[in-house]
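Here is the structure we will look at, set down as structure tokens.
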Amino acid sequence: MLARLTHRQIEAFRAVIETGKITAAAGVLGTTQPSISKLIADLQHAAGFDLFERRGRQVVPTPEALALYEEVERSFVGMSEISRVIEDIRDFRKGSLSVAGMPALALKLLPDVIAQFIAQEPGITVSLRTRSSQAVLQHLSSQQFDLGFAALDSDHPAVIRRPIFTAPMLAVLPIGHDLEQKDVLEPADFDQQPFIALGAEIGTRSETDLFLSAGGARPRIVAEAQLSASICELVAAGAGVSIIEPVTATYFARAGRVAARPLLPEQPFRYDLLLPALRQPSRVASRFLELVEDRFATCLVNGN
């Protein structure tokens, strides 16, 4: 039975075959000539036959060595492919990312980030699934998604939840509305105003109701909608005013579709990052998350 072969012996054998010289092989492998000579001698001893003949300064492979080299080269081609894949993963040239997001983020902010990300890392495939915040939580609990974005007041043992951004909710008004003249809106400003409310099943609805009732305001609810974007469309069409989360309000206001105004007292809204608890974020996920955080800052802070 053959003595134990080492990968270093095979590397030395391949380098000598390809360079034709012990000295040159040592240079290729970053070692010394005596080290290469010993590796070849050990390999020959294990093989039980000669691998090279010395002709002057050259070493010439024997027919047995050439037969061995054919098999070695096939193995090294496989190793080269593995090395290429490793480099692709390291340099973001290969990989995938699965993201689940609440509609308020998945309709505009996350697509903008995805477009930026794939422009920078074109080898990465990104999948975006738009679901309610509770559904995003369930998706992340399956451990099959890399990142989730939601607004929640509950947890799941298989999901890590942490705040990613907090900003005040905003009032949205039709362009040209009388309240547009004010810099800040208080509860009393909404009294008897036609109002588009969030659906009763949305957690933020109760907070908005409390804000209004605390100031003695009784708006006239003319419509309800689950999505902030749908509410903004109704506001833009002149159906009424509303109070929604800041990302959607900011995007519609920047587009000139609605007017947005801050509230007094402020009503903070928190966006959550969800991560699968049973595995660490990939390098791809971490890179994408950096862009999301930057986009939150530029969208809601810098005003760009």
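What follows is calculated from the coordinates using simple rules that are stated; it is not laboratory data. Model, not experiment: these values are computed from the prediction. Glycine also receives a Cβ, built like all others from the backbone with ideal geometry; neighbour counts cover every protein chain displayed.
Its relative contact order, with pairs defined as Cα atoms under 8 Å and 6+ residues apart, puts the chain at 19 percent. Between the C-alpha center of the stretch 19-48 and that of the stretch 175-238 there is a gap of 80 Å.
Restricting the GluC sites (Glu not before Pro) of the stretch 177-214 to loop positions (DSSP other than H, G, I, E, B) with no more than 15 neighbouring Cβ atoms within 10 Å leaves 201.
Here's the picture: charge each Lys and Arg Cβ at +1 and each Asp and Glu Cβ at -1 in the chain, and of 154, 122, 292 the one pushed furthest to the positive end of that dipole is 122. GNM on the chain, alpha-carbon springs under 10 angstrom: the most fluctuating residue among 57, 254, 161 is 57. For the chain, report the translational diffusion coefficient in µm²/s to the nearest whole number, using Stokes-Einstein at 10 °C, 1.306 mPa s, and a Kirkwood Rh over Cα pairs. Answer from the Stokes-Einstein relation: 66 µm²/s.
Counting alpha carbon pairs within less than 8 Å and at least 6 residues apart, what relative contact order, in whole percent, applies to the stretch 137-280?
Details: 288 pairs, mean separation 64.0, N = 144.
Result for the stretch 137-280 is 44 percent.
Rank these for me by crowding, 69, 271, going from fewest to most other beta carbons within 10 Å.
On the way: 69 18, 271 25.
In increasing order of surrounding Cβ atoms, one gets 69, 271.
Annotation: aspartates and glutamates with alpha-carbon distance below 20 angstrom to residue 38 (same-chain offsets under eight excluded): 11, 18, 50, 53, 64.
Determine the shape class of the stretch 170-266: with a ≥ b ≥ c the square roots of the Cα gyration tensor eigenvalues, call it rounded for a/c under 1.5, and otherwise prolate if a/b is greater than b/c, oblate otherwise.
On the way: a/c = 1.41, a/b = 1.13, b/c = 1.25.
Because its axes are fairly even, with a/c under 1.5, the stretch 170-266 counts as rounded.
Can you check what the net charge comes to around residue 263, using other residues whose Cβ is under 13 Å from the Cβ of residue 263 (Lys, Arg +1; Asp, Glu -1)? Please report the intermediate quantities before stating the final value.
Working: positive: 182, 261; negative: 183, 186, 189, 207, 245, 266.
It works out to a net charge of -4.
Once backbone amide H atoms are built at 1.01 Å from N, residue 164 has 271, 272, 273 as its partners under 5 Å, excluding neighbours fewer than 5 places away on the same chain.
Evaluated with a Cβ-only charge set (Lys, Arg +1; Asp, Glu -1), the stretch 255-304 carries a dipole of roughly 160 debye about its Cα centre, given to the nearest 20.
Simple rule: put +1 on each Lys or Arg Cβ and -1 on each Asp or Glu Cβ in the chain, find the dipole, and look at 144, 176, 166; the Cα lying farthest toward the positive end is 144.
Just to be sure I understand: with springs between alpha-carbon atoms less than 10 Å apart, which residue in 237, 67, 171 has the highest mean-square fluctuation in the Gaussian network model of the chain? Looking only at 237, 67, 171, the biggest GNM fluctuation is shown by 67. Add +1 for every Lys or Arg and -1 for every Asp or Glu among the other residues with Cβ under 11 Å from the Cβ of residue 24, and state the total. My count for the surroundings of residue 24 gives +1.
Based on DSSP H runs of at least 4 residues, each adding -39500 (n - 2.57), what is the mean residue ellipticity at 222 nm of the chain after dividing by all its residues, to the nearest 500 deg cm²/dmol?
-13500 deg cm²/dmol
Think of each Lys and Arg Cβ as +1 and each Asp and Glu Cβ as -1; about the Cα centre, that makes the dipole of the chain roughly 920 debye.
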